[in-house]
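Inspection log for the structure reproduced underneath, given as structure tokens.
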Amino acid sequence: MLNRRQVLAGAAALAGTQFAMPAFAQNAPIRIGMLSVKSGALATGGRQMEDGFQLFLKERGNTIAGRPVEFIVADTGGQPALAKTRAQELVQRSNVHMIVGPVAAFEALAINDYLAEAQVPFICSSAAAEDLTQRKLNPWFVRTSSTSAQPCHPLGEYAAKELGYKKVITIADDFAFGQEQTAGFQRVFEANGGSIANKLWAPLNAADYGSYISQISGVDAVFAAFSGANGLRFLRQYNEYGLKGQIPVISAMTTVDEGVLHTMGDEALGIISAGWYSAGLDTPHNNSFVEQLRKVTGVDPGFYSVGAYSAGLALEAALKTVGGKAEDKQGLITALKKAEVVNDPRGPWKFDRYGNPVENIYIRKVERKGDRLVNTVIKTYDQVSQFWTYPPERFLAEPVYSRSNPTKI
Amino acid sequence: MFWITGLFNSLAFAAVLFLLAAGFSLIFGLMRVANLTHGAFFMLGGYLATSAIGAGFWVAVLAAGVGCALLGGLVQHLLVQRLAGRELAQVLGTLGLSFIVADQCLLIWSGDPIPLAAPGFLQGAARLGVFAFPLYRLFLIVVAALIAISLWLVVERTTLGAKIRAAVDDREMARATGIPVSRLFTVVFCLGSALAGIGGALAAPILSVYPGLDTEMLPLALLVVILGGIGSLAGALIGSVLIGIIYIFGQILLPDLSYVILFLPMVVVLAVRPEGLLGRQAA
């Protein structure tokens, strides 16, 4: 048990460190906490995320805005409850100045309230859940990937206007990410005169897509929104059933993300997708980024690596603005939200007032270049917002995208 | 059209389930060990096959079987045997081991999903009027049927099978009549693990191999075995077909309830006939 004297002594000591802080703040490290996943099904995403951020740190000699960086990675195991515990540990025990990550949206949702309460800047590098930057705002939250539907809006227009598709069947993972992607595509595709013949939902752990594939007929194209290994399995089985070459597949970003594209073969060729990045972008920033990461991983970087690398870039811009004072959390988050990132591999982007990137969306086509598959960019939609062309107020007045039909704006 | 394609897919999936569940059921029936490493062996078999595919598809499948058999033997010898009679310890031990196997796979093969190419002559689809049946799935159904028949022959028509059946029925009596029950345990454990490995390898061209495959498949094996009856090969076969049909049609017709529907027959069977459809009353 503590007695009163000890408590007072402790308080005095604490106060002492508080006073001492400004004196050595310039030399003390900036502590960055990352929530990653090192085991289980999400571990690939976790590794790619760490690779991206580590590259960012390496390029800067582990120093941002003149201060050394202490990078602390915590493993959430891909479980929401554990993600919350790890976030608390990072904040309370490791005293991190900000949190980067996590891999999955359900992890981000599990820690968002806590980080809002603890007032810790939360730079979300992948989780795409719409409402994190729409109807359930946390003032300490910014995102460096996109919302689920952000790339699917332009794809809806592209499919109707440029590809001339009239009737499409959608198939997606039956969880929030797949549902939001599909609904976003549907809203814009229908607004441009297209119609959705049927929407198929496959459980996240569906072993077999054969029965879904056998329901696909009589349409101009299939819109597929899958994550992780599911995209690979779906496309292989689609090919197996002889539908490839009969009904084209268009897809959300993650179905043919570079993170999984390198495991695919001819079954992926020709697929047109929309995303905020492509490893095939021919810009100096991206060429160097891809080259550096290929040295580490041997394959092209995708969604998770870029998201984390961008989190570093945004953070760097903000820390420079506040003169490296990571302890000034209010100043840091304000500067973060105003950050404009010009040297990003994906192209320039900035945050909207909800903390979500306004960024280029690329229409990409899977092609074979040499011995690997790449997402060749065939059209660029410049600086697309999460609200597409709709006024934010109108967009936000509608319910969030879900499994059932999106509402018409 | 819908029903026929669905039925075909159900059978193809049932083929995978049977390979997975037959070994689990044999092991459980004989040794009363719920080997929760079984799902991990299934995944490991798939991974081994992707590494050995350079030497050809058949070699890859064989490598998966042999690799898992050896590992299964080790597990039985070093872990399961030492925990004989302590069911909870066995469950926890094999569960812990499955985590270790899964994370070792992650370390060796990374987290990327790895597809396995089917042999060239099995790629593509057989067309029959408006129907398209992927050749590989047809092949899978045939192979599973052949394996089921061979297993049945071994269990019903050979001395080894007679010993296994005797030990399943009454372990103590079998031991008393001079059947080397401990060695039998090891043989069956190897055989069961080999089946899981072969199942994983044969399923890989359809499912591909990826972290988490083990935990997706293990509950299905449990379902099949509980439904069909523990220790019964015919039960595993019937259970596989039933679960295959329920799984495939449940997902299409009632996607919201697909999991509930999967477990519903299990609840009914447990309530009405706890030993399973073809299980025998526990001795």
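Here, each number is a calculation from the coordinates, and none is a lab measurement. Everything quoted here is computed from the prediction, not taken from an experiment. A quick note on method: Cβ atoms are made from the backbone with ideal geometry, for glycine too, and the neighbour counts reach across all protein chains shown.
Taking every residue in B:108-121, how many Cβ atoms of other protein chains lie within 10 Å of its Cβ, on average?
4
Please compute the Kirkwood hydrodynamic radius of the range A:81-150 from all pairs of different C-alpha atoms, in Å with one decimal.
When all Cα pairs of the range A:81-150 are included, the Kirkwood radius is 11.9 Å.
Quick one: compute a quarter of the convex hull surface over the Cα atoms of the range B:2-272 and quote it in nm².
Projected over every direction and averaged, the Cα hull of the range B:2-272 covers 15.2 nm².
What does the charge add up to near B:I4, with Lys and Arg as +1, Asp and Glu as -1, over the other residues with Cβ less than 14 Å from its Cβ?
+2
Between B:V268 and B:A145, how high is the FRET efficiency from 1/(1 + (r/R0)^6) when r is the Cβ-Cβ distance and R₀ = 25 Å? Nearest 0.05.
0.35
Counting Lys and Arg as +1 and Asp and Glu as -1, what is the net charge of the other residues whose Cβ lies under 12 Å from the Cβ of B:L116?
+2
From the alpha carbon gyration tensor of chain A, can you work out the equivalent ellipsoid semi-axes (sqrt of 5 times each eigenvalue) and give them in Å, largest to smallest?
In descending order the semi-axes read 40, 21, 20 Å.
Along the Cα→Cβ direction, 7 angstrom out, place labels at B:E156 and A:H262. What is the inter-label distance in nm?
Placing both labels 7 Å along Cα→Cβ, they lie 5.1 nm apart.
Which of the residue pairs A:K136/A:K337; A:K84/A:K320; A:K320/A:K350 have a Cα-Cα distance greater than 19 Å in the structure shown?
In this structure, A:K84/A:K320 exceed 19 Å between Cα atoms.
7 Å from Cα along Cα→Cβ at both B:I261 and B:Q81: what's the point-to-point distance in nm?
A separation of 4.6 nm, rounded to one decimal place.
Taking the radius of gyration and the Kirkwood hydrodynamic radius from Cα positions alone, what is the Rg/Rh ratio for the range B:176-239, to two decimal places?
We get a ratio of 1.07 for the range B:176-239.
Work out, step by step, the length gained on full extension between A:S195 and A:D371: first 0.36 nm times the residue separation, then minus their alpha carbon distance; give nm to one decimal.
59.6 nm
I need the P(r) histogram for the range B:232-283: all alpha carbon pairs, bin width 5 Å from 0 out to the longest distance, whole percents.
In whole percents, the pair-distance histogram is 5, 21, 23, 24, 14, 9, 3, 1, 0.
Lys and Arg at +1, Asp and Glu at -1: add these up for the other residues within a Cβ distance under 15 Å of B:I243 and post the number.
-2
Which of rounded, prolate, oblate describes the range A:287-375, given a ≥ b ≥ c as roots of the alpha-carbon gyration tensor eigenvalues and a/c under 1.5 marking rounded, otherwise prolate only if a/b is larger than b/c?
Verdict is prolate for the range A:287-375.
Given H placed on each backbone N at 1.01 Å, which residues far from A:K379 in sequence or on other chains put an amide H within less than 5 Å of it?
A:I363
Determine the relative contact order of the range B:165-283: mean sequence separation of Cα pairs under 8 Å and six or more apart, normalised by residue count, in whole percent.
That works out to 24 percent.
Can you work out ³J(HN,Hα) from phi for every residue in the range B:44-54, in order, using Karplus 6.51 cos²θ - 1.76 cosθ + 1.60 and θ = phi - 60°, giving whole Hz and x for Gly and Pro?
Whole-Hz 3J(HN,Hα) from phi for the range B:44-54: 4, x, x, 5, 4, 5, 5, 7, 9, 5, x.
Taking amide hydrogens as modeled 1.01 Å from N in the peptide plane, which residues meet the under 5 Å criterion relative to A:M98, leaving out close sequence neighbours?
Amide H neighbours of A:M98, under 5 Å, 5+ apart: A:G33.
Which residue fluctuates the most in chain A, going by a Gaussian network model with Cα springs under 10 Å, if the choices are A:N360, A:N138, A:N27?
Among A:N360, A:N138, A:N27, the largest GNM mean-square fluctuation belongs to A:N27.
Once phi is turned into θ = phi - 60°, what whole-Hz ³J(HN,Hα) does the Karplus curve with 6.51, -1.76 and 1.60 give for every residue of the range A:195-203, x standing for Gly and Pro?
Calculated HN-Hα couplings, in order: 9, 9, 6, 6, 10, 9, 10, 10, x Hz.
What's the percent breakdown of Cα-Cα distances in the range A:251-409 across 5 Å bins, shortest bin first?
Result, from short to long distances: 2, 8, 15, 18, 17, 15, 12, 8, 4, 1, 0 percent.
What does the average come to when, for each residue of peptide A:236-245, you count the partner chain Cβ atoms lying within 10 Å of its Cβ?
Partner Cβ neighbours, averaged per residue: 5.
Please grab the % of Cα pairs in the range B:154-204 that end up more than 13 Å from each other.
Cα-Cα pairs in the range B:154-204 separated by more than 13 Å: 61 percent.
Run the simple label-point estimate for A:K167 and B:I108 please: 7 Å along Cα→C-beta, distance reported in nm.
The two pseudo-label positions are separated by 5.0 nm.
Please list, in chain and number order, the residues 5+ apart from A:S227 or on another chain whose amide H is under 5 Å from its amide H, with Hs placed from the backbone.
Those qualifying (amide H under 5 Å, at least 5 residues apart or on another chain) are A:D173.
Regarding the protein assembly as shown, what are the three Cα extents along the principal axes, ordered largest first, in Å?
Answer, in whole Å and largest first: 85, 76, 48 Å.
Starting at the first residue of the range B:248-257, write each ³J(HN,Hα) from the Karplus equation 6.51 cos²θ - 1.76 cosθ + 1.60 with θ = phi - 60°, in whole Hz, x for Gly and Pro.
5, 6, x, 5, 7, 7, 10, x, 5, 10
How high is the FRET efficiency between B:I100 and A:L57 when r is their beta carbon distance and R₀ equals 41 Å, given to the nearest 0.05?
Approximately 0.85, to the nearest 0.05.
What's the FRET efficiency of B:D169 with B:A126 using the Cβ-Cβ distance as r and R₀ = 45 Å, to the nearest 0.05?
0.55
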